[in-house]
Amino acid sequence: METQTPNAATSRHGLWSSRLVFILVAAGAAIGLGNIWKFPFMAGANGGAAFILVYLACIAFIGVPVLMAEVMLGRRGRLNPVASLKQLALDADASVHWRLLGYLGALTLLLIFSFYSVISGWTFAYIKFGWSGAFNDASPDEVATLFTDFLANPKMLLLWHTAFIAMSLYTVLFGVQRGLERVIRFVMPLMLILLGLLVIYAVIAGDWMAGMRFLFTPDFSQVTYKTVIAAMGQALFTLAVGASAMMVYGAYLPKNVPMGSTLLTIAGLDTAIALMAGLAIFPIVFAYALSPAEGPGLVFVTLPIAFGQMPWGQFFAGIFFLLLLFAAWTSALSFAEPLTMLLIERFKISRKKAAMIVGFIAWALGIGTLLSFNVWADYKLFGHWDFFTAIDGLASNILLPIGALLFAVFAGWVMKRDDSHDELALSRQWQYRLWRFLIRYVAPISILIIFASPLIL
Ligand code: PFF
């Protein structure tokens, strides 16, 4: 990020040096574990195609319009989300309590950061497993045992979780934006290439037809309210929408950058990567008679089987998990930076202190997730949810949709029409009308209907 000469409404934090940088960091926030780890396991656990259909609809009708709203609000406010929302509410003669939406976002980011770091830690270990040849010619049972044994060792998980938190704080503390830009620039294309290779491998060696059927032939009789709620949560999670992270990135966005096409491209890329991960994984799942409903371990037990069999697999395995780690790292910036920024501005403390506090809370909370895979595996909240599932469910399926709903109401109903029209600066009038229709009616009503689905389905 470079500080430019401030103009009428410039963020205190400087601006992205170009449109490309914004594209990179916003795509970096969107693309991460959500695409490659969470999407396949959620789709697998929720029956496949019907989940995916609802997920795609949520991306189009809720995710994208709210993403645009968040970036637009961030750019107009130019401060941290709490202060921006307060200012924008004052501008619109509305209650300053809208600032609470900023705090809601912060809480959501903190919860997500805590478990995200634990899973990102797994990728460290898997880079090592991959390069040391642990997957070579391993049978599905051996790969599964490797994973189970790994999870059974909380000390190891703690080490990697701590390493990931440290890595995230490093970016926030030393402002290595230039380095980060470079990382994102090579991670994205390489990730696409590697996923492409994995899909080709799945076509050749997996049960392609069964995989395709599972992913694209919906069986609506299986759809329950859990499916639709999970699909909505996943759509928001993957686009990084509803937690004010994108608002923060919008605050650094220069005024003259057209955001509509940029954000559509990011959403398209994000969706494509998730679908490719599904195409790479499910044919393998069916070829080896594994369970699609394996849960959070799905990626870690299917792809290593493929790597263990394919030519150059040892090399690709290490690279793949390294890329996944980098993708997670660039998403982690979108948790750690907004939280740090909020503490700095709210309590007037140094960046170092703020980052340390954020890191410590996320680290401590993450220990609950980490233990839920071993020592606490049998403790179930309300008889249903282990710690990880509870925190993820709360953040992704409840807080993100509430955040998205409130952002939609604020951008569509509270903010003055002229202001949102001006700030979005879409190139065609119909585009603005479409966005406004989606943000005022379609997105909020869909979220409410999905929340009400336990009463309907
Ligand atoms: N979109 C990220 C992923 O798919 O991994 C996760 C994420 C980032 C969620 C930022 C929420 C957020 F605000």
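The values are calculated or read from the model by the stated rules, or taken from the named source; none is laboratory data. These numbers come from a predicted model, not from an experiment. Virtual Cβ from ideal backbone geometry, glycine too; neighbours counted across all protein chains shown. These accessible areas exclude ligands, DNA and RNA; they are computed on the full protein's heavy atoms, side chains included. Shrake-Rupley method; radii C 1.70, N 1.55, O 1.52, S 1.80 Å.
Give me the lysines in straight-line cross-link reach of LYS348: C-alpha distance below 17 Å, same-chain residues under 8 apart excluded.
none
Contour minus end-to-end for LEU20 and ASP418, with contour as 0.36 nm per residue of separation and end-to-end as the Cα-Cα distance?
Values: separation 398, 0.36 × 398 = 143.28 nm, distance 2.75 nm.
Residue separation times 0.36 nm, minus the Cα-Cα distance, leaves 140.5 nm.
List the residues whose amide H sits under 5 Å from the amide H of LEU381, counting only those 5 or more places along or on another chain, with H placed 1.01 Å from N in the peptide plane.
So LEU381 has HN proximity to ASP386.
In nm, give the distance between the simple-model label positions of ALA210 and ASN256, each being 7 Å from the Cα along the Cα-to-Cβ direction.
In this crude label model, ALA210 to ASN256 measures out at 5.7 nm.
Over the chain, give the accessible area per residue in Å² for a 1.4 Å probe, as an integer. Before the final figure, lay out the partial values.
Working: 17860 Å² over 457 residues.
Ligands and nucleic acids excluded, the result is 39 Å² per residue.
Under DSSP H, which helices of the chain have Cα atoms covering 27 Å or more of the helix axis and a Kyte-Doolittle average no less than -0.5? Intermediate results must be reported in sequence, preceding the final value.
On the way: long enough: 100-131 (47 Å, 1.38); 154-174 (29 Å, 1.31); 177-205 (40 Å, 1.63); 259-287 (43 Å, 1.80); 313-347 (50 Å, 1.39); 351-372 (32 Å, 1.14).
Those that clear 27 Å and a mean of -0.5 are 100-131, 154-174, 177-205, 259-287, 313-347, 351-372.
Report the FRET efficiency, 1/(1 + (r/R0)^6), for THR224 and LEU434, where r is their Cβ-Cβ distance and R0 is 35 Å, rounded to 0.05.
Working: r = 31 Å, r/R0 = 0.90.
The value I calculate is 0.65.
Taking a quarter of the surface of the Cα convex hull of the range 363-421, what do you get in nm²?
On the way: hull surface 23.0 nm².
Seen from a random direction, the Cα hull of the range 363-421 projects 5.8 nm² on average.
Quote to one decimal, in nm, the extra length available between ALA94 and TRP131 on full extension: 0.36 nm per residue of separation minus the C-alpha distance between them. Write out the running numbers ahead of the final one.
Numbers: separation 37, 0.36 × 37 = 13.32 nm, distance 5.68 nm.
Extra length available between ALA94 and TRP131 comes to 7.6 nm.
May I ask you to list the trypsin sites (Lys or Arg not before Pro) in the range 354-432 that are in a DSSP loop and have at most 14 other Cβ atoms within 10 Å of their Cβ? Could you put the intermediate results ahead of the total?
Working: sites: LYS380, LYS416, ARG417, ARG428; in loops: LYS380, LYS416, ARG428.
Answer by residue number: LYS380, LYS416, ARG428.
Using a simple spin-label model with points 7 Å from Cα along the Cα→Cβ vector, what separation in nm is obtained for TRP385 and ARG182?
4.2 nm
Given q = 0.10, 0.12, 0.14, 0.24 Å⁻¹, what are the Debye log10 I(q)/I(0) values for the range 269-362, with equal point scatterers placed on the Cα positions and solvent ignored?
-0.45, -0.58, -0.69, -1.20
Listed highest first by mean packing, meaning other Cβ atoms within 10 Å per residue, what order do 228-240, 270-282, 305-317 come in?
Details: 228-240: 27.1, 270-282: 24.0, 305-317: 19.2.
Going from most to least packed, we get 228-240, 270-282, 305-317.
For the chain, what is the largest minus smallest coordinate of the Cα atoms on each principal axis, given in angstrom and ordered from greatest to least?
Result, largest extent first: 63, 49, 43 Å.
Can you tell me which of 117-127, 431-441 comes out highest on packing, and rank the rest after it, using the mean Cβ neighbours within 10 Å?
Values: 117-127: 25.2, 431-441: 16.6.
Result, highest mean first: 117-127, 431-441.
Leaving out ligands, DNA and RNA, what percent of the accessible area of the chain is carbon and sulfur, probe 1.4 Å?
Details: 11920 of 17860 Å².
Heavy-atom surface of the chain belonging to carbon and sulfur, 1.4 Å probe: 67 percent.
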